[in-house]
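Since the structure comes first, as C-alpha cells, the remarks are kept for the end.
The values are calculated or read from the model by the stated rules, or taken from the named source; none is laboratory data. Values in this document were obtained by computation on a predicted structure and should not be read as measured data. A quick note on method: Cβ atoms are made from the backbone with ideal geometry, for glycine too, and the neighbour counts reach across all protein chains shown.
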Amino acid sequence: MSTPSIAFIGAGNMAFSIIGGLIKQGVDPKKVWATNIDQESLNKLEQEFQVNTTTDNHQAISEADVVVLSVKPQVLKSVVTDLAETLKQNNPLIISIAAGIKAETLQDWIGQPLAIVRCMPNTPALLQCGASGLYKTAEVTDEQANVAETLMNAVGITLWVQNEQGIDAVTAVSGSGPAYYFLFMEAMQQAGEALGLDAETAKQLTLQTALGAARMAIESDDAPSELRRKVTSPGGTTEQAIQTFQKGNLEALVKQAMQAASDRSEELSEILAK
Ligand SMILES: NC(=O)C1=CN([C@@H]2O[C@H](COP(=O)(O)OP(=O)(O)OC[C@H]3O[C@@H](n4cnc5c(N)ncnc54)[C@H](OP(=O)(O)O)[C@@H]3O)[C@@H](O)[C@H]2O)C=CC1
Ligand SMILES: O=C(O)[C@@H]1CCC=N1
C-alpha cells in the first residue's frame, strides 16, 4: 500500500495529537479525514493541519484504507454499529484507540471479523514523543500490521503485545502514564513554591528537571536505580527526600494506582461490551 488514506472518527484530544504528529512527519494532509459531532471543533484541526474534516462519519470512511476509531469508549458502540455496513463493504484496516473495548466486541458490533488493530497511544504523540502498544487480531495481514506500525511510529515508539490483556497493562503504563508525571510535576511545583520560590521559577526548575531526568534515563547506559544512586550523596539532601518517599510507600502506591488503571480497562471491556 502506498500512502494510505486515513479517517479518524472522533477528532478530540487524542486524534488531534496523532494527526498533529503525522502531519509534522510529512504525511499528506489530503490523505487524512477527521470527524466530529460539530464542525466548530473541527475548524481548529483544519486550520492547523489542513486535513479534510466532516461531521459525516460515512463520508469520512467512504474511501479510507485505515479507519481510526478515536471516540470515547462509551459512544463507540453507536458509532461502530452505524458504520457497520460500510465497514463490511469496504473492509478497511480498523485501528481502535479506545480504552477497554476488546477487538472481538468490535467485530461483534460490526457483524463480521474484520481486521482490527487495537492501539493504546498517549498524548505526547503530538510531539512525536508518544509510546503506543499495539495488538492485532488474526485477520490482520502482515501488510496491514506494517501500516499500523508505520502510522504510529510517525508519532513515537511502537511496541506489539502478543495477547490482548497486554493492552490493559499498556494502558496503565503509557496510555495513562503522562498524567502520572504531570501530577508529580504539579506536586513538585507546589512544593517548590511552598519552599519560597516564585511560581515561574518553581515551574521552570521542575519541568527542566523532568526533561533532564527522562533524557538521562533514556540515553544513559545506567539503569534508573544507578542514576538515582549517583544523585544521592550519603548523608546528603536527596537521601532525606527518598527516605520520605519510601516511608510513604511510594512504590506500593504506584503499583496500586497502575493496578487500578488496568482493572478499569478490563472492567470497561465488560460493561461496554453489552
Ligand atoms: N486522552 C488520552 O490520553 C488517551 C485516550 N485514549 C482513547 O482515545 C479515545 C479518545 O479519547 P480523547 O481523545 O481523550 O476523547 P475526546 O472526547 O477528546 O475525543 C473524542 C471526540 O469524539 C467526538 N465524538 C463523540 N461522538 C462522536 C460521533 N458520533 N462521531 C464523531 N465524533 C464524535 C467528541 O465530541 P464531543 O466532545 O462533542 O462529544 C470528541 O471531540 C478514547 O476512546 C480513549 O479511551 C487512548 C489513549 C490515551
Ligand atoms: O483515561 C482514559 O481512559 C484514557 C485511556 C488512557 C488515557 N486516557
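Some observations on this one:
- Selected residue (criterion: surrounded by the most Cβ atoms within 10 Å (Cβ to Cβ)) from residues of the stretch 88-105 that are part of a helix (DSSP H, G or I) and more than 24 Å from the chain's Cα centre (by Cα): N90
- Selected residue (criterion: surrounded by the fewest Cβ atoms within 10 Å (Cβ to Cβ)) from residues of the stretch 157-192 that are in contact with a strand residue (DSSP E or B) (Cβ under 6 Å, 6 or more places away or on another chain) and under 18 Å from L211 (Cα atoms): I157
- Considering only residues in the stretch 193-211 that are of a type in the set (A, V, I, L, M) and surrounded by fewer than 15 Cβ atoms within 10 Å (Cβ to Cβ), the one that is farthest from ligand 2 (Cβ to nearest atom) turns out to be L195.
- Count of the stretch 122-141 residues which are assigned to a loop (DSSP other than H, G, I, E, B) and within 24 Å of A84 (Cα to Cα): 5
- The stretch 106-134: number of residues that are surrounded by 18 or more Cβ atoms within 10 Å (Cβ to Cβ) and either away from ligand 1 (no atom under 13 Å from the Cβ) or assigned by TED's automatic domain parsing to the domain that holds A214 (or both): 7
- Cβ pairs under 6 Å, 6+ apart, first in the stretch 18-39 and more than 20 Å from G156 (Cα to Cα), second in a helix (DSSP H, G or I) and modelled with pLDDT of 90 or more: W33/A60; A34/L45; T35/N57; T35/A60; N36/L42
- Residue tally, condition loosely packed, with under 12 Cβ neighbours inside 10 Å, farther than 19 Å from G130 by Cα and not polar (S, T, N, Q), over the stretch 11-52: 3
- Inter-residue pairs, beta-carbon under 7 Å, first free of Cβ contacts under 8 Å to residues at least 60 places away in the same chain and in the stretch 160-179, second near ligand 2 (Cβ under 10 Å from one of its atoms) and part of a helix (DSSP H, G or I), 6+ apart: V161/V170; P178/T123
- Close pairs from the stretch 201-215: first within 17 Å of S225 (Cα to Cα), partner assigned to a helix (DSSP H, G or I), Cβ under 7 Å, at least 6 apart: A210/Y181; A210/M185
- Residue in the stretch 135-142 that is modelled with pLDDT of 95 or more, surrounded by 13 or more Cβ atoms within 10 Å (Cβ to Cβ) and of a type in the set (D, E, K, R) present: yes
- Count of residues meeting criterion [surrounded by fewer than 19 Cβ atoms within 10 Å (Cβ to Cβ) and within 16 Å of ligand 2 (Cβ to nearest atom)] in the stretch 53-76: 4
- Q144, sole failed condition from (1) in a helix (DSSP H, G or I); (2) out of contact with any strand residue (DSSP E or B) (no Cβ under 7 Å at 6 or more places or on another chain); (3) in contact (Cβ under 8 Å) with a residue 24 or more places away in the chain: (2)
- Residue within the stretch 228-244 that is among the small types (G, A, S) and on the phi > 0 side of the Ramachandran plot present: yes
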